[in-house]
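**Student:** Got a structure for you, questions after.
The values are calculated or read from the model by the stated rules, or taken from the named source; none is laboratory data. Note that the structure is a prediction, hence the values are computed from the model and not measured. All Cβ positions, glycine included, derive from the backbone under ideal geometry; neighbour counts span all protein chains shown.
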Amino acid sequence: MGSAVSQSLAGRLILLVEDEYVVAIDLAQSLEQLGAVIVGPAGSVEDALALIMAGPPIDAALLDVNLGSERVYPVADVLQARGVPYVFTTSYGNWIIPTPHSSAPWCEKPVNIAHLVRILSSLPTAAKGA
Amino acid sequence: MHDIEQELSNVSAGSTGPSSDALLRPLLESNIGFAILAMTPSGIVTVWNAGAERLLGYRETEIVGKSVDLIFTPEDRAAGVPQAERNTALANGRAADERWHVRRDGSRFWADGVLLPLANREAGFIKIVQDLTERQITQQRLKESEELFRLLATNIPQLVFRTKPTGERTWGSPQWEIFTGRSVRTSTGMGWLEAVHPDDRELTVMKWLEAQRTGEYYVEHRIQRFDDGEYRWHQTRAKPIGDGEAAEDWVGTSTDVHDMRRLREAQEVLVAELQHRTRNLLAIVQSIERRTLRASKSLEEFGTEFEGRLSALGRVQGMLSRTSHVSVDLRELILAELEAHGEGIENRDHVTIEGPPIALPPASAQTLALALHELTTNALKYGALTYADGKLSITWKTEPDKRQLVLLWCERGIQLSLGRPERRGYGLELIERALPYQFHAETEVEFAADGLKCRISAQLPAEDSMDG
């Protein structure tokens, strides 16, 4: 990962939703090392929505599809409405992602950080303040 | 047969004797498919055509002048059948001759024949005989094969039907009536379609159009069971009987594949679930690897730490697979961890493990196993288990409602003069942060003077809602 890649994440606020603590902390640290500012991590839909409502406007989000007994889609719905781009992480493959979100980019678990960073860097800029 | 009988009657009607022979001869010669013979009133053969030679084996020269009784069976001869037949023919103008006849070589065949008196009664009779053995065997076989069909069709579990190539039914087996509660009468034509699920009817009919082109019918559709009204998946097939061109009669079966389909769907879910669990586990392994790598001062340290953590993860996975990923017993989890380090039940002086049976959901068990591994490793390196008089007690209880678990990890008998270690161990991080993050557990860690004290309080899910 060259500095050009790191530059693209520098200062960007990224919401991280992942229910497995060990994985969440690792992803957070990996992205922080590349200059991103992590919002969260949140382990449930409720916590994630609270962060979106309360926190500063976020630039992008990384959403784990399967959060224990619930799915992350309510969070994606809110982000879509606000024009915030998001990337799914899933251990099922993308066939599980339903229609309103099926065109969103996604990453297989275990996440390849370099691949994830390429996806995050290519996301359109969020319509801040929406 | 009747045509020949008619022609012969016409010829014989005008005949008064041998003069008719000229007329009779071509007729006899042209009908070699039949044995045609003439005889005197007493049954002495006078005429014997090629058909008779072929069928009965005697040449004309051999038999003319001999008694026709030769071609009757000994039993019939003894019973006076030949004469009785002639008497009947004289009385009624004809006598049916349906009986076994005997060839020259002694073999028998079933004959369908007729005996006609000539107009000139003095001239005797004409007899026409056809071998019916083949036809009779064929008919017998047909009868047997139809019986076999009925037997099969009415005794196999499948619903059997006969149909036109259009799907219009002509017959349904008793199983169809029992399963659908619809009589054969109401099911004939397209009436059977009423038993098919409304959503599947269009496909079911469409497939019949296809079948007329391909010569084979196949569809999977739901058929309603009369007993409980359940629509059950069936595989319905039909094919024309024989391979005749444009066969009009088709036979089909409907096989109940409902349970098989359910199993297949369940299996697909299982495979997806397995894929999900495997990838999740790999994600955890990857994260632990990176975490261990960041905290390690040397490759040796990384190797030891990572291997230990991987083993702890492996142990809890093993327990989960033994219980089909339903739950893990807390005591078993703790014992396995201690035993992996050579501690445990045989080390009663040092270690106390006490508490009621607790079924941990898979995800909690995994994180708790990692935390327990770190605590045990620390206790062995710096804590109670390094001291001769050190004590470790792991005790737990459930609060009155049984859903609140309180676990205490308590080390005693050491001199912890240094207070809280400067570097926060992974174990402490898992307890202080991972358990609250994932399970809303409340945790307290205290570095007391005589050793580490740790309290974990967590809500247990209702048993039917455990979800990994």
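**Student:** Quick one: which residue in B:170, B:163 is touching a Phe, Trp or Tyr at 6+ places or on another chain (Cβ under 6 Å) and among the hydroxyl-bearing types (Ser, Thr, Tyr)?
**Tutor:** Numbers: B:170 fails: touching a Phe, Trp or Tyr at 6+ places or on another chain (Cβ under 6 Å).
The conditions single out B:163.
For every residue, the table says whether it meets (1) of a type in the set (Ser, Thr, Tyr); (2) under 28 Å from the mean Cα position of the chain (by Cα); (3) more than 30 Å from residue B:212 (Cβ to Cβ).
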| position | (1), (2), (3) |
| --- | --- |
| B:256 | no, yes, no |
| B:266 | no, yes, yes |
| B:287 | yes, no, yes |
| B:291 | no, no, yes |
| B:298 | yes, no, yes |
| B:312 | no, no, yes |
| B:320 | no, no, yes |
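**Student:** Moving to a separate point now. Would you mention how many residues in segment B:291-326 are hydrophobic (A, V, I, L, M, F, W, C) and within 14 Å of another protein chain (Cβ to nearest Cβ)?
**Tutor:** Total meeting the criteria: 7.
**Student:** Could you figure out which of (1) among the β-branched types (Val, Ile, Thr); (2) closer than 30 Å to residue B:153 by Cα; (3) at the interface with another protein chain (Cβ under 8 Å from one of its Cβ atoms) isn't true of residue B:288?
**Tutor:** Among (1) among the β-branched types (Val, Ile, Thr); (2) closer than 30 Å to residue B:153 by Cα; (3) at the interface with another protein chain (Cβ under 8 Å from one of its Cβ atoms), residue B:288 violates only (2).
**Student:** Return yes or no: is residue B:80 of a type outside the set (Val, Ile, Thr) and surrounded by fewer than 21 Cβ atoms within 10 Å (Cβ to Cβ)?
**Tutor:** Here the answer is yes, as residue B:80 does meet what is asked.
**Student:** Would you mention how many residues in segment B:271-307 are surrounded by fewer than 17 Cβ atoms within 10 Å (Cβ to Cβ), small (Gly, Ala, Ser) and in a helix (DSSP H, G or I)?
**Tutor:** Looking only at that region, the number is 3.
**Student:** Is there a residue in segment B:246-267 that is among the polar types (S, T, N, Q), assigned to a helix (DSSP H, G or I) and buried (at least 17 other Cβ atoms within 10 Å of the Cβ)? Please lay out each step first, then the result.
**Tutor:** Here is the first cut: in segment B:246-267, the ones among the polar types (S, T, N, Q) are B:253-255, B:267.
With the extra rule that they be assigned to a helix (DSSP H, G or I), the set shrinks to B:267.
Subset that is buried (at least 17 other Cβ atoms within 10 Å of the Cβ): none.
No: segment B:246-267 contains no residue that is among the polar types (S, T, N, Q), assigned to a helix (DSSP H, G or I) and buried (at least 17 other Cβ atoms within 10 Å of the Cβ).
**Student:** Just to check your reading of the model, which residue among B:199, B:227 is of a type in the set (Asp, Glu), at pLDDT 95 or above and loosely packed, with under 14 Cβ neighbours inside 10 Å?
**Tutor:** B:199
**Student:** If you don't mind, there's one more thing I want to ask. When only residues in segment B:423-450 that are surrounded by fewer than 19 Cβ atoms within 10 Å (Cβ to Cβ) and touching a Ser or Thr at 6+ places or on another chain (Cβ under 9 Å) count, which is farthest from the other protein chains (Cβ to nearest Cβ)? I'd like the intermediate steps shown before the answer.
**Tutor:** Step one: filter segment B:423-450 for residues surrounded by fewer than 19 Cβ atoms within 10 Å (Cβ to Cβ), giving B:423-425, B:429, B:432-433, B:436, B:440, B:442, B:444-450.
Then drop every residue that is not touching a Ser or Thr at 6+ places or on another chain (Cβ under 9 Å), which leaves B:425, B:432-433, B:436, B:442, B:444, B:449.
Numbers: B:425: 14, B:432: 11, B:433: 7, B:436: 9, B:442: 15, B:444: 18, B:449: 31 Å.
Going through the qualifying residues, I end up with B:449.
To keep it simple, each residue is scored yes or no on (1) within 14 Å of chain B (Cβ to nearest Cβ); (2) within 20 Å of residue A:10 (Cα to Cα).
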| residue | (1), (2) |
| --- | --- |
| A:31 | yes, yes |
| A:49 | no, no |
| A:54 | no, no |
| A:57 | no, yes |
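**Student:** Moving on. Could you count how many residues in segment B:78-100 are in a helix (DSSP H, G or I) and out of contact with any Leu (no Cβ under 9 Å at 6 or more places or on another chain)?
**Tutor:** So the count comes out to 9.
**Student:** Where residues in segment B:138-192 are part of a strand (DSSP E or B) and polar (S, T, N, Q), which of them is surrounded by the fewest Cβ atoms within 10 Å (Cβ to Cβ)?
**Tutor:** Ranking the candidates gives B:170 first.
**Student:** Looking at A:78, A:84, A:117 in this structure, which one is β-branched (Val, Ile, Thr), away from every other protein chain (no Cβ under 13 Å), within 20 Å of residue A:51 (Cβ to Cβ) and outside any loop (DSSP other than H, G, I, E, B)?
**Tutor:** None of the other options fit; the residue is A:78.
**Student:** Ok, one more. Take the conditions surrounded by fewer than 18 Cβ atoms within 10 Å (Cβ to Cβ), among the hydroxyl-bearing types (Ser, Thr, Tyr), modelled with pLDDT under 90 and outside any strand (DSSP E or B) and apply them to residue B:16. Does it pass? Walk me through it before giving the result.
**Tutor:** Values: surrounded by fewer than 18 Cβ atoms within 10 Å (Cβ to Cβ): yes; among the hydroxyl-bearing types (Ser, Thr, Tyr): yes; modelled with pLDDT under 90: yes; outside any strand (DSSP E or B): yes.
Answer is yes for this residue.
**Student:** For segment B:152-185, what are the residues that are of a type in the set (Asp, Glu) and within 20 Å of residue B:239 (Cβ to Cβ)?
**Tutor:** Initially, segment B:152-185 is screened for residues of a type in the set (Asp, Glu), giving B:168, B:177.
Across segment B:152-185, the qualifying residue is only B:168.
**Student:** Against the definition (closer than 15 Å to residue A:14 by Cβ, under 12 Å from the mean Cα position of the chain (by Cα) and modelled with pLDDT under 90), how does residue A:62 come out, yes or no? Working first, answer last.
**Tutor:** Details: closer than 15 Å to residue A:14 by Cβ: yes; under 12 Å from the mean Cα position of the chain (by Cα): yes; modelled with pLDDT under 90: no.
So residue A:62 does not fit the description; no.
**Student:** Also: Of all residues in segment B:345-364, which are surrounded by fewer than 24 Cβ atoms within 10 Å (Cβ to Cβ), under 24 Å from residue B:284 (Cα atoms) and at pLDDT 85 or above?
**Tutor:** Listed by number, the list holds a single entry, B:359.
**Student:** Looking at segment B:266-284, is at least one residue under 28 Å from residue B:180 (Cα atoms) and among the hydrophobic types (A, V, I, L, M, F, W, C)?
**Tutor:** Yes, because at least one residue in segment B:266-284 is under 28 Å from residue B:180 (Cα atoms) and among the hydrophobic types (A, V, I, L, M, F, W, C).
**Student:** Can you tell which of B:274, B:270 is within 14 Å of chain A (Cβ to nearest Cβ), at pLDDT below 90, within 30 Å of residue B:221 (Cβ to Cβ) and under 31 Å from the mean Cα position of the chain (by Cα)?
**Tutor:** Result: B:270 is the single residue among B:274, B:270 that is within 14 Å of chain A (Cβ to nearest Cβ), at pLDDT below 90, within 30 Å of residue B:221 (Cβ to Cβ) and under 31 Å from the mean Cα position of the chain (by Cα).
**Student:** Next question. Can you work out which of the residues in segment B:48-77 that are among the β-branched types (Val, Ile, Thr) and part of a helix (DSSP H, G or I) is surrounded by the most Cβ atoms within 10 Å (Cβ to Cβ)?
**Tutor:** Once the filter is applied, the top-ranked residue is B:71.
**Student:** Sticking with this structure for a sec: Which pairs do you get when a residue that is on the phi > 0 side of the Ramachandran plot, found in segment B:201-230, comes within reach of a residue that is of a type outside the set (Asp, Glu) and surrounded by 13 or more Cβ atoms within 10 Å (Cβ to Cβ), reach meaning Cβ atoms under 8 angstrom, with the pair 6+ apart or on two chains?
**Tutor:** B:215/B:239; B:215/B:240
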